[in-house]
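> I have a structure here, written as structure tokens, and I will follow up with some questions on it.
Every number in this text was worked out from the coordinates using simple rules, so none of it is lab data. Just so it is clear, the model here is predicted, and its values are computed rather than measured. Note that we place each Cβ from the backbone using ideal geometry, even for glycine, and neighbour counts take in every protein chain shown.
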Ligand SMILES: Cc1cc2nc3c(=O)[nH]c(=O)nc-3n(C[C@H](O)[C@H](O)[C@H](O)COP(=O)(O)OP(=O)(O)OC[C@H]3O[C@@H](n4cnc5c(N)ncnc54)[C@H](O)[C@@H]3O)c2cc1C
């Protein structure tokens, strides 16, 4: 990467906020997924949307590609930039610009950390619902780009259901405003189109989100099972009862052991084949009635121990193992590949058996922690990429899991996005004309395909990328 470009960027953001040394760039070579790496040409950290616009105008002039980056917690290799692409990191843009109790809206910069928004809204009796397990680190901009989910999205919907307006800077630096603060459904749903676009449509610089009242009563129910299948059947029974829990999460034995051996231990018994967390929220009476039904269903389906809590500190303790499961799993091997796929809830027992078969045949350690209520699986593969052949077996296991989920009527991602990791599975899920249409939509936002190049759709299926010389 040329020094003149670094100098020109420094004139926009200040010298301190341009990274160009190999050691500095190496810090940004991966996101939360260890199986993909790319070193950016330069990293620039603007502080305002005006600086982002000036950076994008400069890159447009010089025809340099770029990649937006939030906290880099993504799990699909989406926030990786390969030189000469410039990484535009938005973590300095971390101001909550407005919080309004009357309209129940917040306007934020993209680098605001998810959990900080709910923290700021709490004195108003409000919170921001989507709660990815990475919420203490990930940014609202990254959540918008990935259409992030989280445990409580079962009842309340994923990010797209909570965003009403986005100001986007397109690849040439020009600004467009999608949606409206109120979020009324008139005209085409451009916010819906942008949410989940994985950084390929431009950079979100100002985001208006809905805030919801904090539920009056919340009860978290914990149950453990001696058979994984029994836990999966309990999940189906709860949903079939008509109750929609705020969250319905599962961890298998391998995951429970990792948690209980870590500082996140919750006191769960490690001989259990699976544990479930069911959260119920609403009025006192509704939560009491639903708790009775849910606890009875858990017991009918073989739960060994059922306990529950309403006090915030006790609930936090029950949740701790689930929320920190990836961290706990990170201790047991040098590398952890967290996968993401969706299946219809009814086939959960079958697909978990298939994953166990793949694990045994390929000699890998695979732990499962997931949003059971949504059928959103996260098989976590612990491995050591330095061990000969191990990374190849991880790749093979991932592909087999994706194929099994698709064959069962599911999809290759539930919430972590396609990024680099799932790109080659896209032709398994979509026809060539559908993929070409995705490329056409992208071109409407970014005719030269300079925003997050090479992600999501395989290059050979994107005609305009070929024209742009990427293939
Ligand atoms: C421990 C752990 C737990 C997780 N749990 C969950 C979970 O429960 N649910 C879930 O959905 N995800 C989860 N994730 C994945 C990840 O945290 C989410 O995808 C999150 O939304 C990424 O946010 P980020 O700020 O880190 O974005 P990054 O990783 O920096 O970027 C992700 C993508 O967004 C794009 N992007 C970032 N900012 C912008 C912007 N302002 N404008 C346009 N594009 C942008 C990037 O180009 C990239 O393609 C988890 C990750 C970890 C490590």
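> Most exposed first by the Cβ proxy, i.e. fewest other Cβ within 10 Å, how do 15, 49 rank? Don't skip to the end; give the middle numbers.
Values: 15 10, 49 19.
Fewest to most other Cβ atoms nearby, the residues stand as 15, 49.
> When only C-alpha pairs under 8 Å and at least 6 residues apart count, what is the relative contact order of segment 96-213, in percent? Don't skip to the end; give the middle numbers.
On the way: 239 pairs, mean separation 36.9, N = 118.
Once normalised by length, the contact order is 31 percent.
> So, one more: How far is helix 284-300 tilted off the main Cα axis of the chain, in degrees rounded to 10, range 0 to 90?
70 degrees
> Can I ask one more? Convert 20 °C to kelvin, take the viscosity as 1.002 mPa s, use the Kirkwood radius over C-alpha pairs of the chain as Rh, and evaluate the Stokes-Einstein diffusion coefficient in µm²/s, rounded to a whole number. List each step's numbers first, then the result.
Values: Rh = 23.0 Å.
Taking Rh from Cα pairs, D becomes 93 µm²/s.
> Sticking with this one: Based on the mean of other beta carbon atoms within 10 Å per residue, what is the order of 288-297, 31-40, most packed first? Intermediate results must be reported in sequence, preceding the final value.
On the way: 288-297: 17.0, 31-40: 20.1.
My ranking of the peptides, most packed first, is 31-40, 288-297.
> Working from Cα positions, state the angle (0 to 90°, nearest 10) between the long axis of helix 432-445 and the longest principal axis of the chain.
60 degrees
> Would you please put 435-446, 402-413, 319-330 in order of how densely packed they are, using the mean number of other Cβ atoms within 10 angstrom per residue and starting with the highest?
Working: 435-446: 16.1, 402-413: 19.9, 319-330: 21.5.
Result, highest mean first: 319-330, 402-413, 435-446.
> While we're on this one: How would 156, 425 line up from fewest to most surrounding beta-carbon atoms within 10 angstrom? Please list the in-between numbers first.
On the way: 156 18, 425 21.
Taking fewest neighbouring Cβ atoms as first place, the list is 156, 425.
> Starting from the Cα of residue 244, step 7 Å toward the Cβ, then list every residue of segment 116-150 with an amide N under 20 Å from that point.
127-132, 147-150
> While we're on this one: Compute the relative contact order of segment 283-431 as a whole-number percentage, counting only Cα pairs closer than 8 Å that sit 6 or more residues apart in sequence. Mind showing how you got there, number by number?
On the way: 161 pairs, mean separation 34.9, N = 149.
Across segment 283-431, relative contact order equals 23 percent.
> For the chain, what does the helix formula give at 222 nm: sum of -39500 (n - 2.57) over DSSP H segments with n ≥ 4, over the residue count, nearest 500 deg cm²/dmol? Let's see the in-between values first.
Working: 17 runs with 165 residues, N = 471.
When only DSSP H runs of four or more count, the value is -10000 deg cm²/dmol.
> Related question: What order do you get for 169-182, 87-100 when each peptide is scored by the mean count of other beta carbon atoms within 10 Å, highest first? Provide the component values of the computation, followed by the final result.
Details: 169-182: 16.9, 87-100: 18.7.
Listed from highest to lowest mean packing, they are 87-100, 169-182.
> Continuing with the same structure: Once you have a ≥ b ≥ c as the square roots of the Cα gyration tensor eigenvalues for segment 217-322, tell me rounded if a/c is under 1.5, and otherwise prolate or oblate according to whether a/b is larger than b/c.
Numbers: a/c = 2.26, a/b = 1.26, b/c = 1.80.
Taking the square roots of the gyration eigenvalues as a ≥ b ≥ c, segment 217-322 is oblate.
> Related question: What do you get for the angle between helix 390-407 and the principal long axis of the chain? Use alpha-carbon atoms, 0 to 90 degrees, nearest ten.
Computed tilt is about 70 degrees.
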